[in-house]
Amino acid sequence: MAYAHHDILVKGYVDRVVLLHNHRVVAEHRRSWEKEGVFFNYLHYLPLLERKPGSLDHARPLADLQLPSCFDVLRRRLEAEQKKQGDGIREFIRVLRLLEDYPMAGLRDAVEKGLAIRAHCREAIAQFLIPRANRRQGPDRLRRISVAKPNISAYRVLLSGKEMRHG
């Protein structure tokens, strides 16, 4: 949906259809040879759902999306926690948008970990997707950091009561 109302070049191949904007591939779908065949890539619709969260339950591109059961639990908890109309659904869609960058299996594991510790927001779940090697490693990491000792000679002048001159 980010390229709606933009010039798009459509290239049809035997097995796929490729859409380009300014020579950059913005979408690619397998080709249907059936009459009025339609294929959806739900990832293309997630940004639109974030703007129109009421469409989530009726979005045709998501009709065949088989989300693991932990996503149902997450959605119920978000809706219960965020009573303001639509806020829980919006946060749930923000979690789904992590699928734009991470595989379903990884997000499923992250959602399960988030549910286990009652951390339901997108930011908390995203933390479980970051590889451990990239996370700060607590005390072990701190031991490897060295800081130069400060030069405290200027403080001695203050303690002696003499005025320090800058030259």
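The values are calculated or read from the model by the stated rules, or taken from the named source; none is laboratory data. This one's a predicted model, so the numbers in the text were calculated from it and none came from an experiment. Glycine also receives a Cβ, built like all others from the backbone with ideal geometry; neighbour counts cover every protein chain displayed.
Considering each of Glu91, Glu81 in turn, give the residue that is touching a His at 6+ places or on another chain (Cβ under 7 Å) and among the acidic types (Asp, Glu).
Numbers: Glu91 fails: touching a His at 6+ places or on another chain (Cβ under 7 Å).
Being touching a His at 6+ places or on another chain (Cβ under 7 Å) and among the acidic types (Asp, Glu) holds for just one of Glu91, Glu81, which is Glu81.
Does Leu49 fit the bill of being surrounded by 11 or more Cβ atoms within 10 Å (Cβ to Cβ) and assigned by TED's automatic domain parsing to the domain that holds Phe92? Before you say what the answer is, go through the steps one by one.
Numbers: surrounded by 11 or more Cβ atoms within 10 Å (Cβ to Cβ): yes; assigned by TED's automatic domain parsing to the domain that holds Phe92: yes.
Yes: the conditions hold for Leu49.
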Selection status of Gly86, within 19 Å of Asp57 (Cα to Cα), small (Gly, Ala, Ser) and at pLDDT below 90: yes
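Of everything in the stretch 1-33, what is among the aromatic types (Phe, Trp, Tyr) and under 20 Å from Arg97 (Cβ atoms)? Give them in sequence order.
Of the stretch 1-33, the ones among the aromatic types (Phe, Trp, Tyr) are 3, 13, 33.
Of everything in the stretch 1-33, just one residue is among the aromatic types (Phe, Trp, Tyr) and under 20 Å from Arg97 (Cβ atoms), namely Tyr3.
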Sole exception among (1) under 23 Å from Met104 (Cβ atoms); (2) of a type in the set (Gly, Ala, Ser); (3) exposed (fewer than 10 other Cβ atoms within 10 Å of the Cβ) for Gly88, by number: (3)
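Of everything in the stretch 1-40, what is of a type in the set (S, T, N, Q) and either at pLDDT 90 or above or in the same structural domain as Ile93 (by TED's automatic domain parsing) (or both)? Give them in sequence order.
Asn22, the sole residue that qualifies.
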Residues located in the stretch 52-66, provided they are farther than 24 Å from Arg108 by Cβ and either surrounded by 15 or more Cβ atoms within 10 Å (Cβ to Cβ) or charged (D, E, K, R) (or both): Lys52
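How many residues are more than 22 Å from Gly37 (Cα to Cα) and either charged (D, E, K, R) or in contact with a strand residue (DSSP E or B) (Cβ under 6 Å, 6 or more places away or on another chain) (or both) when one looks only at the stretch 4-25? If you could, list the steps in order and put the result at the bottom.
Our first condition is that a residue be more than 22 Å from Gly37 (Cα to Cα); within the stretch 4-25, this holds for 5-7, 21-24.
Retained after the next criterion (residues that are either charged (D, E, K, R) or in contact with a strand residue (DSSP E or B) (Cβ under 6 Å, 6 or more places away or on another chain) (or both)): 6-7, 24.
Residues meeting the conditions: 3.
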Subset of the stretch 16-42 (residues that are over 19 Å from Pro61 (Cα atoms) and surrounded by 15 or more Cβ atoms within 10 Å (Cβ to Cβ)): Leu20
